[in-house]
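Notes to accompany the following structure.
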Amino acid sequence: MNARRRKAEVTALLARRDLEAVVRWAGETRGALRLLFSLGYDDDALIQWRAIEASGPTAAEVAGEDLDRVRRFVRGLFWLMNDESGGLGWHAAEVVGEVLRSVPALVPEFVHLLFHLCREEPFERGSYYALARLAADHPARVEEGAPTLLAGLDSPDPAIRGRALDALRALGTPRDTARIQELASDRSEYPTYDFRSGELARATVGEAAARCLAALERPPSPAD
């Protein structure tokens, strides 16, 4: 089966958001992770984000048979985001975040590279997104980059401010609450992807700040 047909097949699955079928497709398709990544360049933004979403469970399926193959894939994504490659890795940081969430064995090896990319245009948005996604499952690893997350609160980009707030909320440790309270009145909007509905959405920095404040003010549970 040629690459064009394989890409058409998975695009149809993503249009239906049939992630289980995507994983089955990946098990029968050579280079499935690379094909999914290529859809980050699709003209349809919804297909882009569903391909990013599907990268996580697909990577977990591949890692079950060959962890090194996923490791090489992630290394390739970081290479696409360095100066030598010319910065070709559009949405690469977002894909890294989804892959690491689904393949936790690779988190210690790669998470620190995302902190660096939070300062590298044009990958800041994607890197803050990835850290926000990782913070809930791997707080100790993301906690190491807390100064970077706090710096994101002062970014001129509302998506970075919002995603930095999401990461801090997931970490759950009170810090710089005065600045977060200031951001609660920030009505700047930014695009996002709703993982509950599988649809594109808009969010505001103020909404993210309110969620962050609520989490920081919540008393710890007995299990914490």
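Each of His116, His91 was scored by other Cβ atoms within 10 Å of its Cβ. Arranged with the fewest first, they read His116, His91. If you find the alpha carbon centre of region 9-56 and of region 117-136, how far apart are they in angstrom? Between the Cα centres of region 9-56 and region 117-136 lies a distance of 21 Å.
Above 15 angstrom, tally the Cα pairs of region 112-164 and express them as a % of all pairs, no decimals. Summing the P(r) tail past 15 Å for region 112-164 gives 34 percent. Charge dipole (Cα centre; +1 on Lys/Arg Cβ, -1 on Asp/Glu Cβ; no other charges) of region 58-173 amounts to roughly 180 debye. Simple rule: put +1 on each Lys or Arg Cβ and -1 on each Asp or Glu Cβ in the chain, find the dipole, and look at Gly76, Ala63, Leu183; the Cα lying farthest toward the positive end is Ala63.
Treating each Cα of the chain as an identical point scatterer and summing with the Debye formula, the log10 of I(q)/I(0) at q = 0.11, 0.14, 0.17 Å⁻¹ comes to -0.54, -0.87, -1.22. As a rough footprinting exposure proxy, the listed residues Leu117, Leu100 were ranked by other beta carbons within 10 Å of their own, and the order from fewest upward is Leu117, Leu100.
Loop-located trypsin sites (Lys or Arg not before Pro) in region 131-207 (DSSP state other than H, G, I, E, B) with a sparse environment of at most 11 neighbouring Cβ atoms within 10 Å: Arg187, Arg196. Available extension along the chain between Glu143 and Arg34 is 36.2 nm, counting 0.36 nm per residue and deducting the alpha carbon span.
Can you compute the helix-only [θ] at 222 nm over the chain? Use -39500 (n - 2.57) per DSSP H run of at least 4 residues, normalise by all residues, nearest 500 deg cm²/dmol.
Result for the chain, helices only: -19500 deg cm²/dmol.
Among Glu53, Glu9, Glu144, sorting on how many other beta-carbon atoms sit within 10 Å of each Cβ, with the fewest leading, yields Glu144, Glu9, Glu53. Here the dipole of region 1-83 is about 220 debye; that uses its Cα centre as origin and unit charges on the Cβ of Lys and Arg (positive) and Asp and Glu (negative).
Under a model in which nothing but the beta-carbon of Lys, Arg (+1) and Asp, Glu (-1) is charged, the chain shows a dipole of about 460 debye around its Cα centre.
Values quoted throughout were computed directly from the atomic coordinates according to the rules given, and no laboratory measurement underlies them. Predicted, not measured: the structure shown is a model, and the values here were computed from it. Note that each Cβ is placed from the backbone with ideal geometry, even for glycine, and that neighbours are counted across all protein chains shown.
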